[in-house]
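The values are calculated or read from the model by the stated rules, or taken from the named source; none is laboratory data. Since the structure is predicted, the reported quantities are computational estimates derived from the model, not experimental observations. Glycine also receives a Cβ, built like all others from the backbone with ideal geometry; neighbour counts cover every protein chain displayed.
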Amino acid sequence: MIFRCKELSISDEELGCTITFSDSRSADDQFKTVGELMNSEKKYLLIQRTYPEDDFDQDYYHIESSESDLELNPQDKIIVRISREKFEIQWSGDHLEIGLNLSDKQLMNLEKVFKRAFGKRITIEP
């Protein structure tokens, strides 16, 4: 397991959707100095889809992680497995595993957001 998720945030707005798994709580950052924030070893996974502003543009998908430098290739499919205790993701030959502690409601909401916002690029496996 790469890290245990302490904060899961989902931002689903008009211009895009972002899901972030983090090993620390953002509220804890307010008590850190600028130096501590800049040199932080915080672990995270960010999955993002930006919606096009007009009909001629394409959607933009992005994955960023503190644990990997691999970028998402435009033709790559993202494969995820989600349970209450664990989130696994594979893309561009990379694999991450994140420990979770989700309620049934949180799990259903996460799956719903993945299916609706990322359905074309993400395959959810059991």
Residue under question is ARG81, and the condition is that it be of a type in the set (Lys, Arg), surrounded by 14 or more Cβ atoms within 10 Å (Cβ to Cβ) and free of Cβ contacts under 8 Å to residues at least 60 places away in the same chain; does it hold? yes
Can you say whether GLU71 is surrounded by 13 or more Cβ atoms within 10 Å (Cβ to Cβ), over 21 Å from ASP12 (Cβ atoms) and either among the β-branched types (Val, Ile, Thr) or in contact with a strand residue (DSSP E or B) (Cβ under 8 Å, 6 or more places away or on another chain) (or both), as far as the supplied structure shows? yes
Selected residue [buried (at least 16 other Cβ atoms within 10 Å of the Cβ), among the charged types (D, E, K, R) and modelled with pLDDT under 90] from ASP76, ASP54: ASP76
Of all the residues that make up segment 84-99, how many are modelled with pLDDT of 95 or more and assigned to a loop (DSSP other than H, G, I, E, B)? 2
Could you list, in sequence order, the residues of segment 100-125 that are outside any helix (DSSP H, G or I) and not small (Gly, Ala, Ser)? LEU100, ASN101, LEU102, LYS120, ARG121, ILE122, THR123, ILE124, GLU125
For LEU102, state whether it is out of contact with any Lys or Arg (no Cβ under 9 Å at 6 or more places or on another chain), of a type outside the set (D, E, K, R), crowded, with 18+ Cβ neighbours inside 10 Å and at pLDDT 90 or above. no
